[in-house]
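The structure under discussion appears below in the form of C-alpha cells.
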Amino acid sequence: MKRPCFPKCRLTRIMGWLQLVLGGLVIIVSVSSLFRFYSAGFFLHNEDICKHFYAVIPENKVVDEGFDIIALSDRIAEVLNKMDNLQEKLELAVLQMEKKNEPLDKTNITILEHKKYLEQEVIRPLYNAHIALRQIRLPKLEGLRNSTLKENPLINTFVNEEIRKYITPKDNRVGKINIYGTEKVLNTIGHSCVLSKSELEKYMDYDIGSYCNDDWNLAQKLMLNGCDPLPRRRCLTRASKVYQKPYPINESLWQIPDDRNVRWGNYHCRNFQCLSSKNPKRGYSKCAGCFEMEKEKLKWVTNSSLPVDILISDVLAIKPGEIRIGLDFGVSTGSFAARMREKNVTIITTALNLGAPFNEMIALRGLIPLYLTLNQRLPFFDNTMDLIHTSGFLDGWIDLLLVDFILFDWDRVLRPGGMLWIDRFFCKRKDLDDFMYMFLQFRYKKHKWAVSPKSKDEVYFSALLEKPPRAI
C-alpha cells in the first residue's frame, strides 16, 4: 500500500495560504503608499512641491548659479561695520582738534582749516557713501531648504529716505491678518514716478512735522505725468494767512468767494476778478467764463438755439426720482453740481487747477471737488452712480484707445439704468465716425442724440444714453 500524502499536502496548503496573505499585505501597503502620495499632490501639478523638491526657478527670475546671497549679505554687513568704526574715529579726531586751535608743525594751515577739510572732504563723502550702501535692500530669504528671493518693488530706485519709508510694506503689528485680509499694507505710487525721480524726490524733501512747501503745482505736474497716485507726506499743508469763514450754503452757490481764502502764489492772477474771460492774461484757457456767475447761471436751464444743448429738467423727467448721485467729469467751477443740488441731486465734480483755482472755487461754493486726472481709475465701486455728465474735457484731442479705457471705466461705475450725459463733445468732422463707434459699442439706449456744426471742420456732439441692465 502507498503511504498517504497528508503531511506534504498540508505543508503545500500552508505555504499557499502564506503567499496569499503576504501578497494581500503587499497590495494593502502599496495602495496606502499611493494614496499618501496622491494626498500630498505628487500626481497633480503643484508649483510649491516642484519648487520644494526640484528647486524650480520662476521664469521672471534671473539667478546666477554662483551667486551666494548669504555670503553677499555677510560681506556687506562687515563693510558697514568697518565704515561705522572709521567714521566714529574721524569724528572723534575732529572733536579733539576743536579743543586745540594751534598751527600744525609742518604746515601753514590751522587746525580749524584742517578740521573743515576733514568734514567736507572726508567725513561728508564717507557719510554719503555709508548711507547709500545702507539703503540697498537685498532680497529677503524665505523658506528653509530651497530659499526663494523676495524683493520690495522700487525700493532701490529712490534715494530719498521718506519715499523709501512710504513704499516699504508695513507688516501688521499683531502679526495676524488685518481686516482687509492681508498680512501687510503696501502703499502705492504711480509707476511713472520712476521717470520723474528728481521731481518726486524734491516733492518729498521736507522736515517731518513742519510746514510743507507751497508746491501743489509740482504735485499736479507729477500727477499729469503719470506719477499718480502720489505718496502721502508727513508735513502740514499751508493755508491762506487771512482765511475767512466761507459764505453760508444758501449764499455760496452763486456768489464769488472771498479772495482771501485762496493762496494765489502759483497763479497768474491774484484775485477772482482777474480771472474774467475778458482778461487775456488770466492764465488759463479751458472753461473761459467759468468764474463769471451771471453766465454760469444760464447753463442747462435756459433754451438755446443749438440742438446739442440738453436741459437738466429734461434729463430728470426721464427718470423721475431715480437720479440721486452722480459725477461731473470735466473742467468747471461746479456750476452743474450747483444746479443739480437745487434739484436735491448730489454731484461730485472732478477738477484740476489748470492755471486757476478750480478746486478752491468748487469747495468754497459748498460743493465737492474730486482732484483727479485722466490717468486714474475712478475711485468708486461698480454699479453705484446714477449719472455721469461730461463737458469740455473729452474733446477731439484725446487718443481713441484712452477714450476706450475711460468709457469702460464709466460703464463700470454706472448702475443699470444709469444715465451717461455727453455734453457738447467736439471733434474734427473726419474723426466723428471713430468717436461715434466708441459711444455706440456699449449698446446704451438713446434718449437724445444730436450733432451740430461748430465750425467748417469741427462738429459738436451731445447724447443722453441709458445703461442696459446686463443681468448675467
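Computed values, structure above
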read-out: Equivalent ellipsoid, segment 249-467 (semi-axes from 5 times Cα gyration tensor eigenvalues, Å); value: 27, 20, 17
read-out: Length released on extending from ASN375 to ASP314, taking residue separation times 0.36 nm less the Cα-Cα span; value: 18.7 nm
read-out: Listed residues ILE323, PRO357, PHE408: farthest to the positive end of the dipole of segment 249-467 (Cβ charges); value: PRO357
read-out: Distant-in-sequence amide H partners of MET385 (H built 1.01 Å from N, under 5 Å); value: LEU414, ARG415
read-out: Rough spin-label spacing in nm, given labels placed 7 Å along Cα→Cβ, for ILE155 and LEU118; value: 3.6
read-out: Percentage, to the nearest whole number, of Cα pairs in segment 410-458 over 14 Å apart; value: 57
read-out: Largest to smallest accessible area among TRP17, TRP421, TRP397 [probe 1.4 Å]; value: TRP17, TRP397, TRP421
read-out: Estimated dipole of segment 169-282 in Debye, rounded to 20 [Cβ of Lys and Arg +1, of Asp and Glu -1, Cα centre]; value: 140
read-out: Distribution of pairwise C-alpha distances over segment 338-472, 10 Å bins, in %; value: 11, 38, 37, 13, 0
read-out: Mean Cβ count within 10 Å, highest first, over the residues of peptides 411-419, 357-365; value: 357-365, 411-419
read-out: Ordering of 253-262, 372-381 by packing [mean C-beta count within 10 Å, highest first]; value: 253-262, 372-381
read-out: Probe 1.4 Å - accessible area at VAL122, Å² to nearest ten; value: 50
read-out: Under 11 Å, Cβ to Cβ, from ARG234 - net charge with Lys/Arg +1 and Asp/Glu -1; value: +1
read-out: Accessible area of GLU91 in the full protein assembly, 1.4 Å probe (Å², nearest 10); value: 80
read-out: Using a Förster distance of 22 Å, the FRET efficiency for TRP397-VAL194 (Cβ separation, nearest 0.05); value: 0.25
read-out: Area of VAL31 that stays accessible when all protein chains are in place (1.4 Å probe, Å², to 10); value: 90
read-out: Accessible heavy-atom area order of ASP404, ASP328, ASP434, ASP205, highest first, probe of 1.4 Å; value: ASP205, ASP434, ASP404, ASP328
read-out: FRET efficiency, LEU354 to ASN187 (Cβ-Cβ, R0 35 Å, nearest 0.05); value: 0.80
read-out: Calculated from backbone phi, Karplus (6.51, -1.76, 1.60) coupling profile of segment 301-318 in Hz, x at Gly/Pro; value: 10, 10, 5, 10, 6, 7, x, 7, 7, 10, 8, 4, 4, 5, 5, 5, 5, 5
read-out: Cα extents of segment 355-429 along the three principal axes, largest first (Å); value: 35, 32, 21
read-out: Point-to-point label distance, LYS456-ARG429, nm (Cα→Cβ direction, 7 Å offset); value: 1.0
read-out: Heavy-atom accessible area order for TYR371, TYR180, TYR460, largest first, 1.4 Å probe; value: TYR180, TYR371, TYR460
read-out: Dipole-positive endmost among TYR180, PRO169, TYR206 within segment 164-225 (Cβ charges, Cα centre); value: TYR180
read-out: Restraint check, LYS221/LYS295; LYS197/LYS286; LYS297/LYS454; LYS297/LYS448; LYS89/LYS202; LYS319/LYS343, Cα-Cα greater than 25 Å; value: LYS221/LYS295; LYS197/LYS286; LYS89/LYS202
read-out: Difference of contour (0.36 nm per residue) and Cα-Cα distance, ASN250 to SER285; value: 9.6 nm
read-out: Taking all pairs of distinct alpha-carbon atoms in segment 164-225, Kirkwood radius in angstrom; value: 13.9
read-out: Net charge dipole size for segment 164-225 [Lys, Arg +1 and Asp, Glu -1 on Cβ; Debye, nearest 20]; value: 360
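The values are calculated or read from the model by the stated rules, or taken from the named source; none is laboratory data. What you see is a predicted model, and the numbers here were worked out from it, not measured in a lab. In this analysis, Cβ positions are derived from the backbone assuming ideal geometry, glycine residues included, and neighbour counts consider all displayed protein chains. SASA here: full protein model, heavy atoms, side chains in, ligands and nucleic acids out. Shrake-Rupley method; radii C 1.70, N 1.55, O 1.52, S 1.80 Å.
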